[in-house]
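The structure appears below as structure tokens.
Read-outs throughout are calculated quantities, based only on the coordinates presented, and are distinct from any laboratory measurement. Predicted model only: the values in this text are computed from it and were never measured. Neighbour counts run over all protein chains shown; Cβ positions are idealised from the backbone, glycine included.
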Amino acid sequence: MLSSQSFIDRLTDNGFNFFTGVPCSLLSGLIACLEESGEAPYIPAVREDAAVGLCAGAYMAGSLPVLLMQNSGLGYCLNAFTSLNLIYKIPTLVIMSWRGCGGKDAPEHIIMGEINEDLLKTAGMDFAVLTPENHQDVLQQAMLKIKEGLPFTLLVKKGIFDERH
């Protein structure tokens with residue numbers, strides 16, 4: 001398990017300074033740390049595609065954005081990523097909870113859990129599965145893509161982050 005606060009600290013140390021997203025219980029520790037610390041703004045969004053837009057605006061205003069979302073919202077925001085971020089080279093680190101991973105979750109999460117990797121590949125969006133063991137290497141991989149002006153997605157399975165710091 002990773003400490004939510006130490007992961008947020010690692011992100012801010014790497015220059016990420018704007019956070020938005022749609023709440024998910026698997027990411028609740030990260031969101032709680034952001035809301036409590038006030039180090040970098042966390043702006044809740046009503047939908048994932050709106051959060052992509054917020055990230056684009058934040059980047060154009062000089063910030064380095066992070067989008068926190070559940071994989072069920074991937075369908076909502078694929079068009080925004082493909083017609084905005086990928087075309088205009090707007091980097092965004094996406095931390096996406098992987099609901100339905102391995103076929104274990106509420107029924108409404110199973111199908112998206114099975115196909116989210118394929119959707120990301122089809123859209124041309126690079127991603128990695130985040131684990132406590134690989135988090136440093138994966139974050140370095142993400143930073144390389146971010147420096148190229150591309151989004152990068154960290155897929156987060158249940159139990160990776162603590163619920164509160």
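Here is how the numbers come out for the structure above:
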read-out: Percent of Cα pairs exceeding the 18 Å cut-off, where the set is the chain; value: 55
read-out: Cβ charges +1 (Lys, Arg) and -1 (Asp, Glu), total dipole of the chain, debye; value: 240
read-out: Enclosed volume per residue, in Å³, of the convex hull spanned by Cα atoms of segment 70-165; value: 104
read-out: Cα centroid of segment 1-67 to Cα centroid of segment 112-146, whole Å; value: 17
read-out: Label zone at Thr82, where the point sits 7 Å out along the Cα-to-Cβ direction: segment 99-135 residues whose backbone N lies under 11 Å; value: 119-125
read-out: Cα lying deepest toward the dipole's positive end in the chain, options Ala61, Pro107, Tyr88, charges on Cβ; value: Tyr88
read-out: Point-charge dipole on Cβ atoms (K/R +1, D/E -1) for segment 110-165, about Cα centre, debye to 20; value: 120
read-out: Exposure proxy ranking, count of Cβ atoms within 10 Å, fewest first, for Ser4, Ser83, Ser97; value: Ser83, Ser4, Ser97
read-out: Residue-span extension gain [Met1 to Glu39] - 0.36 nm each, minus C-alpha spacing; value: 11.4 nm
read-out: Radius of gyration and maximum dimension Dmax of segment 14-60, Cα, Å; value: 10.6, 30
read-out: The chain - mean residue ellipticity at 222 nm from DSSP helices (-39,500 (n - 2.57) per run, n ≥ 4, rounded to 500); value: -13000 deg cm²/dmol
read-out: Paramagnetic label zone (point 7 Å from Cα along Cα-to-C-beta, Asp13; backbone N under 11 Å) in segment 124-165; value: 136
